Every structure is written in structure tokens, then in C-alpha cells.
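Enquirer: The structure is given below, and queries will be raised subsequently.
The values are calculated or read from the model by the stated rules, or taken from the named source; none is laboratory data. The structure displayed is predicted, hence computed values, not measured ones. FYI the Cβ positions are ideal-geometry reconstructions off the backbone, even for glycines, and counts take in every protein chain you see. Accessible surface is based on the protein model in full, side chains and every heavy atom, while ligands, DNA and RNA are left aside. Shrake-Rupley method; radii C 1.70, N 1.55, O 1.52, S 1.80 Å.
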Amino acid sequence: MGIPRGTYDILPNEVVTWHYLEKIARQLCERYAYEEIRTPIFEETALYERGVGETTDIVEKEMYSFTDRKNRSLTLRPEGTAGVVRSFVENKVYAELQPTKWYYFGPMFRYERPQAGRYRQFHQFGVEVFGSDDPAIDAEVISLGLEFYRSLGIEGVRVGINNVGNPEIRAKYFEKLIEYFTPFEAELDTDAKSRLYRNPMRILDSKHKRTQEIATEAPSILDFLDKESMENLEQVKFYLEELQVPYDVNNRLVRGLDYYTQTAFEYMVEELGAQASTIGGGGRYNGLVKELGGPEVSGIGFGIGLERVLLALKQQNVSIPTAAPLDCFLVSMGEEAKKASVRILGELRKAGLKAERDYLDRKLKAQLKTANRLNARYVVILGEEELANNQIQIKQMETGEQTSIAMDKLVSYLLEGK
Ligand code: HAM
């Protein structure tokens with residue numbers, strides 16, 4: 001039995017990096033006045049069918065759905081927005097002071113073909129803001145995501161923005177796209193063909209070469225936008241400039257989820273290659289709260305793929321903090337010294353020090369080697385003789401300096417050296 005395809009273990013030395021990513025994200029969200037929300041990892045399947053959209057890849061072929069013992073259809077969350085909107089509605093948070101600004105972390109599940117930066121269980125850091133139509137909020141959300149990459153030291157992140165209008169505009173645009181693509185139908189790839197009459201906008205972000213060539217001449221959504229949407233795009237651009245966020249307007253930018261209205265955006269790092277280059281994306285979803293049973297409340301947010309962030313960090317050789325070293329490793333020789341070392345270990349830990357001892361009855365030399373391997377700052381040596389004199393030997397590993405101190409001074413000595 002092995003690990004399921006498309007999943008991976010995060011081993012302890014990598015967990016340190018994950019803690020770091022979360023710490024940076026939390027600190028940032030704190031500064032932007034966002035609060036953390038935690039929703040279930042599974043929801044009713046219908047939530048995603050209605051929220052994410054029936055004709056999306058996610059709902060059509062990527063969901064991990066199952067029935068429970070009472071025959072309810074449930075789905076492991078393929079993304080975070082639908083669950084967060086459900087929670088916003090169900091807890092009547094719309095009745096409180098707006099806007100509501102939330103963030104979240106967690107695993108998401110999509111049945112996709114695994115490859116570099118693409119997994120079946122992956123992790124997102126996301127934010128969702130409810131209750132404001134102000135384009136300044138769009139700019140805030142976009143800049144918060146960019147700030148996350150910057151705080152980590154990732155360079156060359158490009159922000160692509162677009163306005164995808166409202167459902168009426170999109171319906172008109174869909175017709176024009178179908179009209180445009182139909183004569184090329186035979187040349188389109190299978191995916192594009194199947195999308196032609198159901199979701200032709202998705203053909204625009206095809207990775208297939210010939211389909212891409214055909215799509216370059218397709219009509220642009222910008223020519224269909226109404227005055228309000230055009231103005232909205234201009235305002236978002238204005239505020240992005242105020243926040244010194246560089247961006248490119250990309251009228252081919254379409255997102256893979258159906259709920260988007262108005263602003264849509266993506267973060268890209270080109271060097272990561274076609275499949276992994278999109279390290280985050282988001283947009284407005286002004287109809288979703290209503291669609292999921294709430295009042296007419298606007299929303300906007302993003303989801304950032306943390307595996308892709310890790311990939312970018314690795315590729316750009318950004319150094320990330322490692323685990324804190326051991327403050328002290330206790331080496332003991334003889335039965336009595338062992339007992340004393342167990343007691344001292346407890347005291348060190350109570351005092352807030354990171355301390356460890358040998359639990360395999362190793363010889364002195366092997367214990368010292370272990371201390372080295374564990375990267376201990378100090379090694380304390382406790383033998384029968386030291387015990388009799390209430391003294392201990394303490395060695396600073398970096399300098400090799402060794403001194404003898406009174407046993408009851410150990411804690412304060414180590415705390416001072418921290
Ligand atoms: P999404 O574009 O589907 O949007 O996913 C956001 C990010 O998650 C992607 O840009 C990518 O970095 C990462 N991602 C997606 N699928 C995978 C995968 N299979 N393996 C690894 N990483 C992946 C959403 O999920 C929306 N909920 C974002 C949003 C929030 N829009 C508004 N609010």
C-alpha cells in the first residue's frame with residue numbers, strides 16, 4: 001500500500017517551511033485587518049455544483065465526491081470560496097458590520113493529472129472580502145496577494161487583470177465567441193470542442209498550440225463591456241497604481257470557475273513553466289452570496305497555491321528559516337547521572353529551553369555525536385564525579401569552549417546564552 005496518487009507527505013523538516021509560509025501570511029493579513037476563518041474540508045456536493053458551476057472542469061471531472069452512510073452526497077472541497085460563502089450566509093454574517101474580511105489556509109482536493117506544481121491534494125492560502133463594491137477593495141485584495149510573494153522574497157511575479165463583466169454581458173460575448181470559433185471547430189482540441197457551446201470563454205486559456213493560435217484573433221471581452229464595467233476596470237487600475245502594484249491588463253484572462261463577475265486576476269511566475277506558472281488567482285463574485293441563499297452582497301477574493309509558492313522559492317534559491325536549534329543536549333554517564341539528567345531535562349524544558357537527552361543508553365562518544373547531529377548549541381555533561389560535586393561540565397558547541405558550573409546555575413546560564 002502506498003500513498004494515493006497526487007498526494008505527498010510533508011515530513012518534519014518541510015513542515016518548518018509550511019509554518020513559515022503560514023506565519024508570513026498571518027502577519028500580513030493581520031496588518032490588512034483580515035480575520036481567519038476555518039470551514040469544513042467537506043461540504044454538500046450541491047454547494048460546488050451551484051457555487052463553482054456545472055460546466056467547469058472542477059465540477060465536471062475533478063471532484064472527490066462520496067456518499068456517506070445516510071446517502072448524502074458530499075465532496076472534499078476543491079476550492080475555498082464556496083464553503084466560505086456558505087458560512088457567511090449560514091451564520092448571517094451579512095447582518096454584521098461590513099465589509100467582512102476573512103482569510104484561510106488548508107488542503108483542497110481536485111482529481112487532476114499530477115505533475116510539477118499540480119497535485120490532487122494541494123494547499124491554498126486564500127482571502128475573501130464581502131460587502132463592498134469599492135474598486136479600492138479590489139486593489140487591496142490584489143496587492144495583499146502580491147505582498148505575500150514579496151514578503152517571502154519571490155521575484156518577478158506578474159499581476160494580470162481583466163474585467164469579465166456581468167452575466168448579461170457574458171451571454172452576449174459567448175454568442176460572439178461561438179460564432180467566431182465555429183468555423184474552426186474541426187481544428188480545435190477535444191477540450192475546446194467540448195467547451196465550444198457550453199463555456200467558450202474557457203477556450204481562450206487553452207494550452208493547446210493550434211487552439212491558442214485560433215484564439216489570438218477571437219473577439220475581446222473588453223469590446224463588450226458596458227460603461228459601468230469599463231469604469232470599474234479603470235478605477236481598479238487607478239487604485240493599483242496608488243498602491244504601486246504593477247499589472248498588465250490581459251483581456252484573454254478567464255478563470256476556470258463560473259462565479260466571477262467584473263474584476264478577475266492572476267499572479268504568474270513565468271519561469272515555473274506552463275502548468276505551474278499561475279501561482280494564484282481570484283476575482284469578484286458579486287452574484288454568489290445570493291446564489292447560495294443569502295442577500296445581494298458582493299464578494300472578492302483570491303486563492304494562492306502554496307505548492308507553487310514553494311516551487312518558486314526553490315527555483316529562485318530563496319533561503320527560508322530552518323528549525324530552531326536545540327538549546328541543550330544532556331549527556332550522562334552512569335545510572336545515578338542518568339536519573340539526575342532526566343530531572344534536569346524536565347527543569348530545562350519548564351524554563352522554556354529546547355532540550356533533549358539520549359534515550360538509547362549510548363556510549364559517551366555516541367552521545368556527543370548525537371548532540372552534534374541535533375545541532376545543539378550547548379552540551380551538558382553529567383557523570384558520577386560531577387554529580388558528587390554538584391557540578392556539571394558545559395560545552396558551547398560553536399566555540400568548543402568548556403567550563404564547569406554549579407548544577408543549580410544551569411538554567412540561568414543557558415537562558416543568558418540564548
Ligand atoms: P483557482 O484558480 O482554481 O481559484 O485556484 C487558485 C490557485 O490554486 C491556482 O492559481 C493554483 O496556484 C492553485 N492550484 C489550483 N489547482 C491546483 C492543483 N491541482 N495543484 C496545486 N495547486 C493548484 C480558486 O480556487 C478560487 N477559489 C480563488 C478565489 C478565491 N477566487 C475568489 N476567491
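Enquirer: Considering every residue within the range 368-376, establish whether at least one is closer than 26 Å to TYR413 by Cβ and buried (at least 21 other Cβ atoms within 10 Å of the Cβ).
Expert: yes
Enquirer: Continuing with this model, one more query. Among the residues of the range 339-359, which ones are farther than 17 Å from GLN396 by Cβ, open to solvent by less than 70 Å² (accessible area, probe 1.4 Å) and touching a residue at least 12 places away in the same chain (Cβ under 8 Å)?
Expert: ALA340, SER341, ILE344, LEU345, ALA351, GLY352, ARG357, ASP358, listed by residue number.
Enquirer: All but one of (1) exposed (fewer than 14 other Cβ atoms within 10 Å of the Cβ); (2) on the phi > 0 side of the Ramachandran plot hold for GLY283; state the number of the condition that does not hold.
Expert: Failing condition for GLY283: (1).
Enquirer: Another question, if that's okay. Here is a list: THR100, THR67, THR75. Which entry is open to solvent by 40 Å² or more (accessible area, probe 1.4 Å), more than 16 Å from the chain's Cα centre (by Cα) and either within 24 Å of ASP138 (Cα to Cα) or among the β-branched types (Val, Ile, Thr) (or both)?
Expert: THR67
Enquirer: Which of (1) crowded, with 17+ Cβ neighbours inside 10 Å; (2) more than 21 Å from ARG255 (Cβ to Cβ) is the odd one out, the single condition ALA139 does not satisfy?
Expert: For ALA139, the exception is condition (2).
Enquirer: Might you check whether a residue that is closer than 12 Å to LEU326 by Cβ, small (Gly, Ala, Ser) and assigned to a strand (DSSP E or B) occurs anywhere in the range 368-388?
Expert: Within the range 368-388, none of the residues are closer than 12 Å to LEU326 by Cβ, small (Gly, Ala, Ser) and assigned to a strand (DSSP E or B).
Enquirer: Let me ask another. State which residue is farthest from the chain's Cα centre (by Cα) when the search covers only the range 1-48 and only residues that are of a type in the set (S, T, N, Q) and farther than 29 Å from ASN91 by Cα.
Expert: In this case the residue turns out to be ASN13.
Enquirer: A further question on this structure: Being farther than 21 Å from THR261 by Cβ and buried (at least 18 other Cβ atoms within 10 Å of the Cβ) is the filter; apply it to the range 172-195 and report the residue that is nearest to the chain's Cα centre (by Cα).
Expert: Among residues in the range 172-195 that are farther than 21 Å from THR261 by Cβ and buried (at least 18 other Cβ atoms within 10 Å of the Cβ), the one nearest to the chain's Cα centre (by Cα) is ALA192.
Enquirer: Could you run through the range 319-337 and say how many residues are open to solvent by less than 50 Å² (accessible area, probe 1.4 Å), within 11 Å of LEU374 (Cβ to Cβ) and either assigned to a helix (DSSP H, G or I) or of a type in the set (Gly, Ala, Ser) (or both)?
Expert: Selection size over the range 319-337: 0.
Enquirer: Right, next: Exactly one of (1) modelled with pLDDT under 95; (2) in a helix (DSSP H, G or I); (3) open to solvent by 60 Å² or more (accessible area, probe 1.4 Å) is unmet by ARG150. Its number?
Expert: Checking ARG150 against (1) modelled with pLDDT under 95; (2) in a helix (DSSP H, G or I); (3) open to solvent by 60 Å² or more (accessible area, probe 1.4 Å), the one that fails is (1).
Enquirer: Kindly indicate whether LEU306 is open to solvent by less than 30 Å² (accessible area, probe 1.4 Å), closer than 24 Å to VAL16 by Cα and assigned by TED's automatic domain parsing to the domain that holds ARG50.
Expert: yes
Enquirer: I need the full set of residues from the range 253-298 which are in a loop (DSSP other than H, G, I, E, B), within 7 Å of the ligand (Cβ to nearest atom) and either small (Gly, Ala, Ser) or not assigned by TED's automatic domain parsing to the domain that holds ALA82 (or both), in order please.
Expert: Correct list: GLY256 only.
Enquirer: Right, here's the next one. May I ask you to list pairs of residues, at least six apart or on different chains, whose Cβ atoms are under 6 Å apart, with the first in the range 259-277 being free of Cβ contacts under 8 Å to residues at least 12 places away in the same chain and open to solvent by 30 Å² or more (accessible area, probe 1.4 Å) and the second being near the ligand (Cβ under 9 Å from one of its atoms) and outside any loop (DSSP other than H, G, I, E, B)?
Expert: Correct list of pairs: empty, since none qualify.
Enquirer: In the range 1-24, how many residues are within 21 Å of ARG118 (Cβ to Cβ) and open to solvent by less than 50 Å² (accessible area, probe 1.4 Å)?
Expert: Total satisfying the criteria: 5.
Enquirer: Which condition number does LEU144 fail, the rest of (1) more than 10 Å from the ligand (Cβ to nearest atom); (2) in contact with a Pro (Cβ under 8 Å, 6 or more places away or on another chain) being met?
Expert: (2)
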